[in-house]
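Have a look at the structure below, then the notes.
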């Protein structure tokens with residue numbers, strides 16, 4: 001490993017981070033990115049600019065995104081009169 005990079009890691013304190021924590025962090029990041037993408041796509045498709053901006057800026061590890069997808073983004077049903 002590059003000695004300069006090793007020194008940077010030691011200065012930042014990352015040498016003491018357990019591997020399990022790094023794996024958990026990576027899985028949490030992937031989880032959040034997936035839900036954020038789905039929520040942003042849904043908000044854009046529904047034409048909801050305020051929700052799109054909020055979902056883009058606020059990071060809630062998928063919680064706000066899941067709430068938007070399953071609760072707030074319910075489309076109004078369009079019934080055709082016969």
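On the beta carbon distance between residue 44 and residue 24, with R0 = 41 Å, the FRET formula returns roughly 0.85.
Across all directions, the shadow cast by the convex hull of region 29-72 built on its C-alpha atoms averages 2.5 square nanometres. The mean sequence distance of close C-alpha pairs (under 8 Å, at least 6 residues apart), as a share of the length of region 29-72, puts its relative contact order at 51 percent.
Only the coordinates and a few stated rules stand behind these numbers; no lab work does. Just so it is clear, the structure is predicted and the values come from calculations on it, not from any experiment. Positions of Cβ are backbone-derived with ideal geometry, glycine not excepted, and every protein chain shown enters the neighbour counts.
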